Ligand code: FIX
Ligand code: ZN
């Protein structure tokens, strides 16, 4: 059925709100992985985005804050950011969006009461997946964190919902220790212990990609170091894309813990070299700094083995997303993966995707209206195809999964 200028807004709105989402990068785990699965209001408030905001807004010092238990921390975040101050930041707005979607009224209610009401409404990851319309997601799995990796000794979780990825940062942060673990976990006599261990992890977890976060100080390791050349060859032989998360500088303020990471530099000319040097490897790429977005988009026009994904962390702000999303569409059409949630607490899937859809809707509407103006026929089928590609198929096709 063709869409007219009058019913276009409704058709698009319905399509955006009914299309299932494949979330390409999260830090979530299935509920059976007990100490890693995070759910609920207190965990939401203890998100490191909010902790950074609390530590700069109040005069509570970080060591005092981190000495508190989770309940105390959450209650402090609530009183400092939501009661004493106006919760306008994106991370604060996220909490309010979730409360609104759960029909939890907060005005004139104590923190304890809000917590109780919240606990009555959200019980499981299934609840959240339904509310957010996320049908499957990719976890971040570190093969060098043996306790976390024990997830794969267990078969008691839904592998059609929770896909694995191999996060390889430890190989850069502490190569010697990682090598030792690789040897311990294999016979130790293989010619290449790291690859032997990755092969073992691959067979255990069926990852959909490998990933590493790097900046200008470490990028050349990918191009020059023999371990990484082997990893690139190995991932090519597996048809396993490498996800490059570019431009984070860890521990800009060590005292802030996980909330203390910031932005470092990256030279995207080196990314272009990498794409040329390994033309048969596939690279998913996201950049943390606004400064790099234009060049990254140009590179994605030049290298078919490079696919842009998401608005990572400090990029995930409505004002920035709107502008960069349009630039990506102007230069790439719909050939990119527009968003990932980076959720650490399952409930965050609700707000991260609600907020993104709110930005995506008017942007797409403007492009479709432009096409109708130029006499290009838009049908419901076209809209559904495009939204399905943006929310799921672009990523799945690049990863070769269905
Ligand atoms: O490296 C990453 O995957 C980052 O997303 C995280 O380390 C970061 O802490 C985060 O949660 C950003 O959203
Ligand atoms: Zn992440």
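Across the stretch 94-109, which residue is farthest from residue 52 (Cα to Cα) among those that are in contact with a helix residue (DSSP H, G or I) (Cβ under 9 Å, 6 or more places away or on another chain) and outside any helix (DSSP H, G or I)?
103
Could you identify the single residue in 352, 326, 357 that is touching a helix residue (DSSP H, G or I) at 6+ places or on another chain (Cβ under 8 Å), away from ligand 1 (no atom under 16 Å from the Cβ), under 30 Å from residue 119 (Cα atoms) and in contact (Cβ under 8 Å) with a residue 24 or more places away in the chain? Don't jump to the end; show me each part of the working.
Numbers: 352 fails: away from ligand 1 (no atom under 16 Å from the Cβ); 326 fails: under 30 Å from residue 119 (Cα atoms).
Result: 357 is the single residue among 352, 326, 357 that is touching a helix residue (DSSP H, G or I) at 6+ places or on another chain (Cβ under 8 Å), away from ligand 1 (no atom under 16 Å from the Cβ), under 30 Å from residue 119 (Cα atoms) and in contact (Cβ under 8 Å) with a residue 24 or more places away in the chain.
Quick check, is residue 233 in contact (Cβ under 8 Å) with a residue 12 or more places away in the chain and more than 24 Å from the chain's Cα centre (by Cα)?
Values: in contact (Cβ under 8 Å) with a residue 12 or more places away in the chain: no; more than 24 Å from the chain's Cα centre (by Cα): yes.
In short, no.
Within the stretch 298-323, work out how many residues are touching a strand residue (DSSP E or B) at 6+ places or on another chain (Cβ under 9 Å), within 16 Å of ligand 1 (Cβ to nearest atom) and part of a helix (DSSP H, G or I).
Qualifying residue count, the stretch 298-323: 3.
All but one of (1) surrounded by fewer than 19 Cβ atoms within 10 Å (Cβ to Cβ); (2) in a helix (DSSP H, G or I); (3) in contact with a strand residue (DSSP E or B) (Cβ under 7 Å, 6 or more places away or on another chain) hold for residue 223; state the number of the condition that does not hold.
Here residue 223 clears every test but (3).
How many residues are closer than 15 Å to residue 390 by Cβ and assigned to a loop (DSSP other than H, G, I, E, B) when one looks only at the stretch 347-362?
0
If you scan the stretch 15-35, which residues turn out to be within 16 Å of ligand 1 (Cβ to nearest atom) and surrounded by fewer than 19 Cβ atoms within 10 Å (Cβ to Cβ)? Can you show your working first?
We begin by selecting, within the stretch 15-35, every residue within 16 Å of ligand 1 (Cβ to nearest atom); these are 23-29.
Within the stretch 15-35, 27 is the sole residue that qualifies.
Here is a list of conditions, (1) more than 24 Å from residue 274 (Cβ to Cβ); (2) within 16 Å of ligand 2 (Cβ to nearest atom); (3) in a helix (DSSP H, G or I), and residue 365 meets all of them except one; can you say which number that is?
Result: residue 365 passes all but (2).
Name the residues in the stretch 202-220 that are surrounded by fewer than 16 Cβ atoms within 10 Å (Cβ to Cβ) and in contact with a helix residue (DSSP H, G or I) (Cβ under 9 Å, 6 or more places away or on another chain), would you?
The initial filter retains those residues of the stretch 202-220 that are surrounded by fewer than 16 Cβ atoms within 10 Å (Cβ to Cβ), namely 203-204, 206, 216-217, 220.
204, 216, 220 - these are the residues of the stretch 202-220 that are surrounded by fewer than 16 Cβ atoms within 10 Å (Cβ to Cβ) and in contact with a helix residue (DSSP H, G or I) (Cβ under 9 Å, 6 or more places away or on another chain).
Of (1) within 23 Å of the chain's Cα centre (by Cα); (2) within 30 Å of residue 74 (Cα to Cα), residue 171 satisfies all except one. Which?
In the conditions (1) within 23 Å of the chain's Cα centre (by Cα); (2) within 30 Å of residue 74 (Cα to Cα), residue 171 misses (2) alone.
Which of the following residues is away from ligand 2 (no atom under 16 Å from the Cβ), closer than 22 Å to residue 250 by Cβ and either over 20 Å from the mean Cα position of the chain (by Cα) or exposed (fewer than 14 other Cβ atoms within 10 Å of the Cβ) (or both): 56, 60?
Numbers: 60 fails: closer than 22 Å to residue 250 by Cβ.
Residue meeting the stated conditions: 56.
Since residue 91 meets every condition but one in (1) in contact (Cβ under 8 Å) with a residue 60 or more places away in the chain; (2) crowded, with 20+ Cβ neighbours inside 10 Å; (3) part of a helix (DSSP H, G or I), which condition does it not meet?
Condition not satisfied by residue 91: (1).
Tell me, yes or no, whether the stretch 246-254 has at least one residue that is within 11 Å of ligand 1 (Cβ to nearest atom), modelled with pLDDT of 95 or more and more than 28 Å from residue 21 (Cα to Cα).
Going residue by residue through the stretch 246-254, those that are within 11 Å of ligand 1 (Cβ to nearest atom) are 246-248, 250.
The next check asks that each one be modelled with pLDDT of 95 or more; those that pass are 246-248, 250.
Pick out the ones that are also more than 28 Å from residue 21 (Cα to Cα) and you get 250.
Within the stretch 246-254 (the criterion being within 11 Å of ligand 1 (Cβ to nearest atom), modelled with pLDDT of 95 or more and more than 28 Å from residue 21 (Cα to Cα)), the answer is yes, since at least one residue qualifies.
Step by step: first the residues of the stretch 255-277, then only those that are touching a strand residue (DSSP E or B) at 6+ places or on another chain (Cβ under 9 Å) and more than 22 Å from residue 26 (Cβ to Cβ), then the one that is nearest to ligand 1 (Cβ to nearest atom). Which residue is that?
264
The values are calculated or read from the model by the stated rules, or taken from the named source; none is laboratory data. Fair warning: this is a prediction, and the values are worked out from it, not measured in the lab. Positions of Cβ are generated from backbone atoms using ideal geometry, with glycine treated the same way; all protein chains shown enter the neighbour counts.
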